[in-house]
1. Name the residue, out of Thr233, Thr155, that is buried (at least 16 other Cβ atoms within 10 Å of the Cβ), of a type outside the set (D, E, K, R), under 30 Å from Asn49 (Cβ atoms) and at pLDDT below 95.
2. Scan the stretch 262-278 and give yes if some residue there is in a loop (DSSP other than H, G, I, E, B), among the aliphatic types (A, V, I, L, M), modelled with pLDDT under 95 and under 20 Å from the mean Cα position of the chain (by Cα), otherwise no.
3. So which strands (runs of 3 or more DSSP E) stay within the stretch 91-201 end to end and still have 3 or more residues that are farther than 27 Å from Arg271 by Cα and in contact with a Lys or Arg (Cβ under 8 Å, 6 or more places away or on another chain)?
4. Taking the stretch 43-90, which residues are more than 23 Å from Leu165 (Cα to Cα), without any contact (Cβ under 8 Å) to a residue 40 or more places away in the chain and either part of a loop (DSSP other than H, G, I, E, B) or among the β-branched types (Val, Ile, Thr) (or both)?
5. Take the residues in the stretch 72-109 that are of a type in the set (S, T, N, Q) and surrounded by 21 or more Cβ atoms within 10 Å (Cβ to Cβ); name whichever of them is nearest to His245 (Cα to Cα).
6. I'm told Ile208 meets every condition in (1) at pLDDT 95 or above; (2) in a loop (DSSP other than H, G, I, E, B); (3) of a type in the set (A, V, I, L, M) except one. Can you identify the failing condition by its number?
7. If you scan the stretch 281-321, which residues turn out to be without any contact (Cβ under 8 Å) to a residue 12 or more places away in the chain and closer than 27 Å to Pro196 by Cα?
Amino acid sequence: MRIEIIKKYVVMKILKLVFFLFIPVLLFSQDTIYFNSANPFSFKSIIKNLDNQELQNVYGVLRMPKNFDNKNQYPVVIAVAGSNGWSDHHYEYLEMYRNNDIATFELCSFQSRGISSTVGKQIKVTTAMMVLDSYRAYELLEKHPNIKHDKIAITGWSLGGGVSLFSAWKPLNNAINSQVSFAAHLALYPPCIVTPEVLDFGDKPIHILIGELDNWTPAKACLDLVNILSDHTNIDLTIYPNAHHSFDRDTLLSIKQNGYILEDCRFKMKRNGSVSMNFLNIPMTSPLFQKIGLAMCAKRGPTYGGNQNAKIAAFKFAKKFMIKNLN
């Protein structure tokens with residue numbers, strides 16, 4: 001009986017020691033951070049009227065690298081999910097970055113606004129809102145004692161890929177904070193269907209990864225956009241053969257019934273951020289006009305799902321791209 005009591009006492013001592021040694025490290029290496037942003041519906045709302053937008057409290061989760069040392073500073077990747085929200089394949093990239101001494105910041109634009117998904121109705125949380133969120137996150141992270149202020153990159157998938165891409169657009173950059181300059185932009189299968197009048201996306205590296213057979217956010221639109229921008233911007237593109245939207249998932253191909261097929265959609269964007277419909281040239285600066293604009297060119301039911309070869313290649317590229325530009 002006495003031996004059992006002694007064993008229990010020793011176990012309790014060990015557990016307490018583990019708690020006091022390791023829990024502070026775990027808490028310090030992961031933190032939910034809140035900050036103020038706003039709810040601009042469109043890029044025009046940011047460029048022309050940012051100061052008058054409805055304020056919004058937003059949060060994200062900062063996770064430090066695997067071998068975190070609180071005496072050191074680390075680069076960080078701000079990550080932005082797609083219109084379906086956060087998924088397992090997104091977290092695989094983030095874990096890979098942390099295993100390579102890069103911190104990650106999961107931007108929670110949807111959860112902060114009480115939204116789980118914007119598939120087929122991207123008016124509750126717009127690209128403009130998420131671009132602004134990413135800038136406000138940058139402004140916070142660059143002051144963090146364990147973050148290298150000049151080594152903050154951004155990546156995203158689908159809708160988040162659009163955020164990663166257009167966060168580099170100089171009219172937005174100048175309107176939000178001209179002192180912010182992301183070290184690199186990695187956009188996975190973003191919607192490239194908007195061609196801006198101003199072709200200035202800065203001088204930091206931008207790379208797009210997309211599937212050849214993507215009919216949700218078509219590769220052809222990204223190829224056309226990159227060709228237009230290539231003389232003005234440090235941008236490049238990789239198209240994976242036989243791959244659909246969300247090729248880096250581990251799921252079989254399926255149809256997203258309420259998603260948009262955007263193959264026939266192309267829009268122009270003026271320097272003030274207003275995007276015009278294909279045919280009527282009416283600015284899509286309200287939820288109603290955006291719905292009308294998409295109804296004129298988009299169909300429903302895009303295909304999405306994994307392609308193992310493309311996933312492996314994209315994963316390797318993302319690792320190399322971020323290590324090169326952040327370390």
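The values are calculated or read from the model by the stated rules, or taken from the named source; none is laboratory data. Bear in mind that the values here come from a model prediction, so they are computed numbers and not experimental data. Glycine also receives a Cβ, built like all others from the backbone with ideal geometry; neighbour counts cover every protein chain displayed.
1. Thr233
2. Looking through the stretch 262-278, at least one residue is in a loop (DSSP other than H, G, I, E, B), among the aliphatic types (A, V, I, L, M), modelled with pLDDT under 95 and under 20 Å from the mean Cα position of the chain (by Cα).
3. Result: 103-107.
4. Glu54, Pro65, Lys66, Asn67, Asp69, Lys71
5. Ser83
6. (2)
7. Once the filter is applied, which keeps residues that are without any contact (Cβ under 8 Å) to a residue 12 or more places away in the chain and closer than 27 Å to Pro196 by Cα, the stretch 281-321 yields Asn281, Ile282, Leu288, Ala295.
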